[in-house]
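J.: This is the structure I want to talk about, given as structure tokens.
The values are calculated or read from the model by the stated rules, or taken from the named source; none is laboratory data. Please read these numbers as outputs of a predicted model, since none were measured by experiment. Methodologically, a virtual Cβ is constructed for each residue, glycine included, from the backbone with ideal geometry; neighbour enumeration extends over all protein chains shown.
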Amino acid sequence: MFGWWRKRRRAKILAAPFPDEWRVRLDLDVALWRAVPAAAKPRLMDDLRLFMAERDWEPCGGVSLDDAKRAVIAAQACVLTLGRSVDAFDHVRSILVYPTGYRAPDVWEDEAGVVTEEIDEREGEAWERGLVVLSWQELAADARVLSGRNLVLHEMAHQVDLIDVLTENPSGFEGGREEAVRRMDAFLAAYEALDREVEAGRRVKALDSYGAEDEAEFFAVATESFFERGAFLKTHHPELYDVLAWYYNQDPASWPPSVSPPPVGTTGRDRRRRRREAERKLRKGGPG
């Protein structure tokens, strides 16, 4: 009964035309959206609408959070599940968005058992019970370029973490349990290699040193690099790239180069002018 109702509700959501305002916003402000191959765009447009409709969105700290901004977040999140199903995010129920970084209490215990309590400055976080917190300032800046740093990809990767998913369902991927074990071993070997390099004070190409914190952060950092600098990651860490390509069922290294929007000034007036021009093109049936 529930499945029938959900299918009917989703069909109603997808029957409506994709809003021009969202398309313009994504074309101009989300480099990852521009990077996704044209053949995958219709699927991404559907998935992001379902993602938006099926989450609770909570603006915090006075941030303005309209549908176009939600689409910026949802489009990047749904790139992660393009190779499988947006249902992988079913457990994600709430997304909190702050205007900038925020302060939150943090409690941690060191190896000697000493417990420390402090106030931590954060840009985002992901909780196991399906809560994601994001800073709009940070995620909007990350979205504009393919730099290998992307707050939305990072926090949403925690919600589809390779280790957690394969531990719960090792037979649910191509090759079954045996292949899942092999891939897990390759992933952990890549993590240990990064950890050794960071401990030695050496920089590692294509991977942020923050990934050496633990396996979960390594997966999130590797995911950022995989989708935003796929060819670069594949060149320097081919075994890790293969694990992620198998897990996500995608091959970003093969995507065509992302086309940047035409350069215009960076003032608010310039951005509004650029959006009006893009909207006119859409109304005339031209590329957006």
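J.: Among what's in region 220-235 and is among the hydrophobic types (A, V, I, L, M, F, W, C) and farther than 11 Å from LEU153 by Cβ, pick the residue that is surrounded by the most Cβ atoms within 10 Å (Cβ to Cβ).
T.: LEU233
J.: Listed residues PHE18, PHE51; which is touching a helix residue (DSSP H, G or I) at 6+ places or on another chain (Cβ under 6 Å), modelled with pLDDT of 95 or more and not in a helix (DSSP H, G or I)?
T.: PHE18
J.: Now for a different question. Exactly one condition in (1) part of a loop (DSSP other than H, G, I, E, B); (2) without any contact (Cβ under 8 Å) to a residue 12 or more places away in the chain is false for LEU207; which is it?
T.: Going through the list (1) part of a loop (DSSP other than H, G, I, E, B); (2) without any contact (Cβ under 8 Å) to a residue 12 or more places away in the chain, LEU207 breaks only (2).
J.: Restricting attention to region 166-180, which residues are surrounded by 13 or more Cβ atoms within 10 Å (Cβ to Cβ) and either assigned to a helix (DSSP H, G or I) or touching a Gly at 6+ places or on another chain (Cβ under 8 Å) (or both)?
T.: Once the filter is applied, which keeps residues that are surrounded by 13 or more Cβ atoms within 10 Å (Cβ to Cβ) and either assigned to a helix (DSSP H, G or I) or touching a Gly at 6+ places or on another chain (Cβ under 8 Å) (or both), region 166-180 yields LEU166, PRO170, ARG177, GLU179, ALA180.
J.: I'm checking my understanding of the structure. Among residues of region 131-165 that are over 21 Å from LEU26 (Cβ atoms), β-branched (Val, Ile, Thr) and surrounded by 20 or more Cβ atoms within 10 Å (Cβ to Cβ), which one is farthest from the chain's Cα centre (by Cα)?
T.: Looking at residues that are over 21 Å from LEU26 (Cβ atoms), β-branched (Val, Ile, Thr) and surrounded by 20 or more Cβ atoms within 10 Å (Cβ to Cβ), I get VAL133.
J.: Just give me the residues in region 90-146 being modelled with pLDDT of 85 or more, farther than 16 Å from ARG55 by Cβ, of a type in the set (A, V, I, L, M) and in a loop (DSSP other than H, G, I, E, B), in sequence order.
T.: VAL145, LEU146 - these are the residues of region 90-146 that are modelled with pLDDT of 85 or more, farther than 16 Å from ARG55 by Cβ, of a type in the set (A, V, I, L, M) and in a loop (DSSP other than H, G, I, E, B).
J.: Here is a further query. Name every residue in region 121-130 that is within 23 Å of VAL204 (Cβ to Cβ) and either of a type in the set (Val, Ile, Thr) or surrounded by fewer than 19 Cβ atoms within 10 Å (Cβ to Cβ) (or both), in order of residue number.
T.: Here is the first cut: in region 121-130, the residues within 23 Å of VAL204 (Cβ to Cβ) are 123-124.
GLU123 - this is the single residue of region 121-130 that is within 23 Å of VAL204 (Cβ to Cβ) and either of a type in the set (Val, Ile, Thr) or surrounded by fewer than 19 Cβ atoms within 10 Å (Cβ to Cβ) (or both).
J.: Among the residues of region 147-173, which ones are modelled with pLDDT of 95 or more and polar (S, T, N, Q)?
T.: Within region 147-173, SER147, ASN150, GLN159 meet the criteria.
J.: On to the next question. Restricting to region 210-256, name every residue that is over 16 Å from PHE187 (Cβ atoms), of a type in the set (Phe, Trp, Tyr), more than 16 Å from the chain's Cα centre (by Cα) and in a helix (DSSP H, G or I).
T.: TYR210, PHE232
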